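**Student:** Quick one: structure below, then a few questions.
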Amino acid sequence: MNKKIKNYKAAAGGWGALASTTRFVLGSKKPAANLRNLLRANKVKGFDCPGCAWGDEQGKHFSFCENGAKAISWEATAKRVTPDFFRQHPVSRLRQQSDYFLEYQGRIEQPMYLNRETDHYEPISWDDAFALIARHLNGLEHPDQLELYTSGRASNEATYLYQLFGRTVGTNNFPDCSNLCHEASGVALNRAIGVGKGTVTLQDFDRADAIFAFGQNPGTNHPRMLHSLRNASRRGAAIVTFNNLKERGLERFADPQSPVEMLTPKDSSISSLYLCPRLGGDMAAVRGMAKLVLEWDTEALKRGEPGLLDRDFIAEHTQGLDGYMAAVAATSWQQIEKQSGLSREQIRQAAEVYASAERVICTWAMGITQHKHSVATIREIVNLQLLRGQIGKPGAGLCPVRGHSNVQGNRTVGINEKPDEAFLNRLETHFGLPMPRRSGHNAVAAIQAMLEGRSKVFIALGGNIAAAAPDTPVTAEALARCELTVQISTKLNRSHLMAGREALILPCLGRTEADVRASGPQFITVEDSFSMVHASQGAGKPNSPHQRSETAIIAGMAQATLGSKPVDWLALADNYDAIRDHMAATLPGFERFNERLQQPGGFYLGNTAADHDWQTTTGKANFAAEPLPAQLLPAEQNGEPVSTLQTLRSHDQYNTTIYGMDDRYRGVYGQRMVLFMHPDEIDRRGLNEGDEVELISIWQDDVERKVSGFRVVAYDIPAGNVAAYYPETNPLVPLHSTGDDSHTPTSKSVAVLIRRQQTSRIL
Ligand SMILES: Nc1nc2c(c(=O)[nH]1)N[C@H]1C(S)=C(S)[C@@H](COP(=O)(O)OP(=O)(O)OC[C@H]3O[C@@H](n4cnc5c(=O)[nH]c(N)nc54)[C@H](O)[C@@H]3O)O[C@H]1N2
Ligand SMILES: Nc1nc2c(c(=O)[nH]1)N[C@H]1C(S)=C(S)[C@@H](COP(=O)(O)OP(=O)(O)OC[C@H]3O[C@@H](n4cnc5c(=O)[nH]c(N)nc54)[C@H](O)[C@@H]3O)O[C@H]1N2
Ligand SMILES: [Mo]
């Protein structure tokens, strides 16, 4: 593979994206079928793109993007991982292969059981696999010894059945990928506005005067968002970006689906103001904006002009403004500038845009949610929006941009380790069974419980926890200590190799494939970042007749373990309408579910905060009055400089799935083991571009966390901050370095020492 670093000059999207899409479709071994598939993505009668959770613009000609095309082509491959493959490759040898190699082998064809004596996975029948699971579950001393992990691609129907299965067994242990992702958004928004979701719809982007995008890389991770941003910027709306790095997609974009933009040299610039705060500096930056807005408000009032605050909104809908104003007054400019890494002048420019806009949307993703003070940072963004009543009016609001395509839906239908009382009561009444009341485990707590032997069986509905979770060797040890690990998966991954004493891989259908059950072809439903619930139906021919739908697999496990308590599980798996009837009876907002799905484009679940119905403890929207963190990470340890590392995604990956070795927009080709660093910092450390370094993270324990073989790349990033790809850097993230109240690993602020690689000479 040709490794190189070469500045990418074009806009995001454009011909580069079209060329890359074509390459992926042609390389998928099923080009004709995949082209048909792409044309069905995100259409009213098609499937929901498994790429991301951005909403669909109805009526658009094509509704996929380059990275959606990769996700679709990657899933719909003709390649298979057969029993023969496993006969040829012992597990210990597979462990030495890269994540790219593992997933590249294709779709898992049959259920497989790990034989520890031979170190090989061997085929097992579905019935025997379900019986093995039932034997383990029925042998547990306590239901809380079971962990049920979910990754956010699974459907509403599958996850609803999954939570009912877990709760009937008797546990609320539902660790899920969102614990590693947007948990802080849910916690902060619930406390502030009484609902853990974004308040805007896709149409609001057409009406906003200003959009503030914090800590996210839409060019790679939600490319369809660029269409909304591009349209907004063309209308003259201001787009203000806060990003630790200069990301191409936030600078310039050419729409690969627009003939005019493709054929003329004109591409759209996206951000009218682009600020690069230090990692974790956003709370300080937003505090600075609020400080100016409050100051300008006072001055305006003194001059006898109308103030800047929306006083009617504040009086009617909020509480806690005085406390917040005191917290702002107590925060000095010196502290704001130091922590944000931005000057007062830069913050003033952002505040001016904010203060002069009638309608403002704030969006954010992992650059905000994966820090120690993420909940406080999101509360600060809400504070700012409350000052001018920017919630619950057209063109304004809060928009956490979700990750996995159905992660929001999973939460809505009951994947929650701390379910609310009302939901449990409804389940009890409807199913006539007591539901467990003990709080369950989130992802970090589940790993700790497995490590200590308190949890014994781990079942995963998708995902790849071995690679996605922090502290890789610790997570591997936790899985190894389980009596049984079960992975319901499409493709081979690291988690299959980091298995428990007994282990199963259960191969499932993907979103793009036809799912035909006894009552005929089935569809499933998903919810996007804008609370739109809609149907999704695949049409592709399944890759193997042995694979089953996720719903059928869950029903099989449940029936073997529980019999028909409290439902005939197998009958539900034969007709998903019947599952939706149970959902309609137990989930608020899902009344007449089957009927409402007939509407083209699905239906809106609603958002109480957008209706100014504040379901908080105070019955109002709450200002938070927290001080800024006393300090972020230290700048040195024992005289050695310490950098703050963010772990992020390249353009050619989907979380732990590596599609290729390029990160086109950042100019990286043929490699992933790179460390982005400011040129001055490279000099100061006596390094050169291209040098190999090792990274050692600093944490309160004595464990050495180290990764090596990273090449230094000069990049436009604040000095003292560095960036490298996930999951290669996950061994550096300490399991217990988590966000306050969110318990999310601090993957965007890891304290690291950077040392020139010690090359061992073997003579
Ligand atoms: N193609 C593709 N699409 C995806 C995914 C994928 O892996 N590939 N993953 C999906 C999932 S699960 C998720 S959660 C989303 C993730 O979407 P993103 O949140 O965009 O993902 P990251 O790559 O982690 O990028 C973090 C961004 O925040 C910036 N950043 C980091 N720390 C800070 C900070 O402290 N302050 C500020 N202001 N900026 C900061 C980084 O420079 C980077 O641009 O994407 C989803 N969509
Ligand atoms: N250091 C660091 N760590 C991180 C992050 C970070 O930014 N930095 N980001 C975190 C975030 S935001 C997230 S969301 C997590 C992601 O964590 P996960 O959701 O656990 O991981 P994925 O890589 O998305 O899972 C990929 C696997 O899912 C399976 N799969 C794919 N499609 C399907 C399907 O349709 N059904 C089923 N059953 N299985 C399927 C395939 O076998 C594939 O190998 O990682 C987190 N970890
Ligand atoms: Mo995520």
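**Student:** Looking at (1) within 16 Å of ligand 3 (Cβ to nearest atom); (2) assigned to a helix (DSSP H, G or I), which is the only condition Q163 fails?
**Tutor:** Here Q163 meets the rest and fails (1).
**Student:** When you scan the stretch 714-734, how many residues do you find that are away from ligand 2 (no atom under 12 Å from the Cβ) and buried (at least 21 other Cβ atoms within 10 Å of the Cβ)?
**Tutor:** Of the residues in the stretch 714-734, 4 are away from ligand 2 (no atom under 12 Å from the Cβ) and buried (at least 21 other Cβ atoms within 10 Å of the Cβ).
**Student:** Moving to a separate point now. So how many residues does the stretch 450-494 have that are within 16 Å of ligand 1 (Cβ to nearest atom), of a type outside the set (K, R) and assigned to a helix (DSSP H, G or I)?
**Tutor:** 3
**Student:** Now a separate question. Is there a residue being small (G, A, S), over 30 Å from A33 (Cα atoms) and either touching a Phe, Trp or Tyr at 6+ places or on another chain (Cβ under 6 Å) or near ligand 2 (Cβ under 9 Å from one of its atoms) (or both) anywhere in the stretch 494-509?
**Tutor:** Among the residues of the stretch 494-509, not one is small (G, A, S), over 30 Å from A33 (Cα atoms) and either touching a Phe, Trp or Tyr at 6+ places or on another chain (Cβ under 6 Å) or near ligand 2 (Cβ under 9 Å from one of its atoms) (or both), which makes the answer no.
**Student:** Could you please tell me which pairs satisfy a Cβ distance under 7 Å, a separation of 6+ or placement on different chains, a first residue in the stretch 149-161 that is without any contact (Cβ under 8 Å) to a residue 12 or more places away in the chain and over 7 Å from G462 (Cβ atoms), and a second residue that is within 16 Å of ligand 3 (Cβ to nearest atom) and not in a helix (DSSP H, G or I)?
**Tutor:** none
**Student:** Evaluate the stretch 686-705: report whether one residue or more is in a strand (DSSP E or B), more than 21 Å from E636 (Cβ to Cβ) and away from ligand 1 (no atom under 14 Å from the Cβ).
**Tutor:** There is at least one residue in the stretch 686-705 that is in a strand (DSSP E or B), more than 21 Å from E636 (Cβ to Cβ) and away from ligand 1 (no atom under 14 Å from the Cβ).
**Student:** Can you tell me how many residues in the stretch 702-713 are within 16 Å of ligand 2 (Cβ to nearest atom) and without any contact (Cβ under 8 Å) to a residue 40 or more places away in the chain?
**Tutor:** 3
Let's see how each residue does on (1) within 9 Å of ligand 1 (Cβ to nearest atom); (2) buried (at least 22 other Cβ atoms within 10 Å of the Cβ):
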| site | (1), (2) |
| --- | --- |
| Q637 | no, no |
| P641 | no, no |
| T647 | yes, yes |
| H651 | yes, yes |
| R666 | no, yes |
| G670 | no, no |
| M673 | no, no |
| D683 | no, no |
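**Student:** Does Q671 count as closer than 21 Å to P731 by Cβ and either in the same structural domain as A53 (by TED's automatic domain parsing) or away from ligand 2 (no atom under 16 Å from the Cβ) (or both)?
**Tutor:** yes
**Student:** Given (1) out of contact with any helix residue (DSSP H, G or I) (no Cβ under 7 Å at 6 or more places or on another chain); (2) buried (at least 19 other Cβ atoms within 10 Å of the Cβ); (3) not charged (D, E, K, R), where does L308 come up short, assuming only one miss?
**Tutor:** In the conditions (1) out of contact with any helix residue (DSSP H, G or I) (no Cβ under 7 Å at 6 or more places or on another chain); (2) buried (at least 19 other Cβ atoms within 10 Å of the Cβ); (3) not charged (D, E, K, R), L308 misses (1) alone.
**Student:** Same structure again: Between a first residue in the stretch 460-486 that is assigned by TED's automatic domain parsing to the domain that holds G51 and a second residue that is part of a strand (DSSP E or B) and within 16 Å of ligand 3 (Cβ to nearest atom), which pairs have beta carbons less than 8 Å apart while being 6 or more apart in sequence or on different chains?
**Tutor:** Close Cβ pairs (under 8 Å, with a partner that is part of a strand (DSSP E or B) and within 16 Å of ligand 3 (Cβ to nearest atom)) do not exist here.
**Student:** Moving on to the next point. So L632 clears everything in (1) at pLDDT 95 or above; (2) over 30 Å from S73 (Cβ atoms); (3) surrounded by 21 or more Cβ atoms within 10 Å (Cβ to Cβ) except one condition, right? Which one?
**Tutor:** Only one criterion in (1) at pLDDT 95 or above; (2) over 30 Å from S73 (Cβ atoms); (3) surrounded by 21 or more Cβ atoms within 10 Å (Cβ to Cβ) is unmet by L632, namely (1).
**Student:** Restricting to the stretch 149-200, count the residues that are under 21 Å from L484 (Cα atoms), away from ligand 2 (no atom under 11 Å from the Cβ) and of a type in the set (V, I, T).
**Tutor:** Selection size over the stretch 149-200: 3.
**Student:** Filter the stretch 545-575 for residues that are touching a strand residue (DSSP E or B) at 6+ places or on another chain (Cβ under 6 Å) and farther than 16 Å from G462 by Cβ and give the result.
**Tutor:** D574
**Student:** Could you say whether any residue in the stretch 233-241 is touching a residue at least 40 places away in the same chain (Cβ under 8 Å), away from ligand 1 (no atom under 12 Å from the Cβ), within 21 Å of V353 (Cα to Cα) and assigned to a strand (DSSP E or B)?
**Tutor:** Yes; the residues of the stretch 233-241 include at least one that is touching a residue at least 40 places away in the same chain (Cβ under 8 Å), away from ligand 1 (no atom under 12 Å from the Cβ), within 21 Å of V353 (Cα to Cα) and assigned to a strand (DSSP E or B).
**Student:** Still on this model: Can you pull out the helices (runs of 4 or more DSSP H) entirely within the stretch 68-144 that have at least 2 residues that are over 15 Å from H496 (Cβ atoms)?
**Tutor:** Helices (runs of 4 or more DSSP H) meeting the threshold: 83-88, 126-138.
The values are calculated or read from the model by the stated rules, or taken from the named source; none is laboratory data. Predicted, not measured: the structure shown is a model, and the values here were computed from it. In this analysis, Cβ positions are derived from the backbone assuming ideal geometry, glycine residues included, and neighbour counts consider all displayed protein chains.
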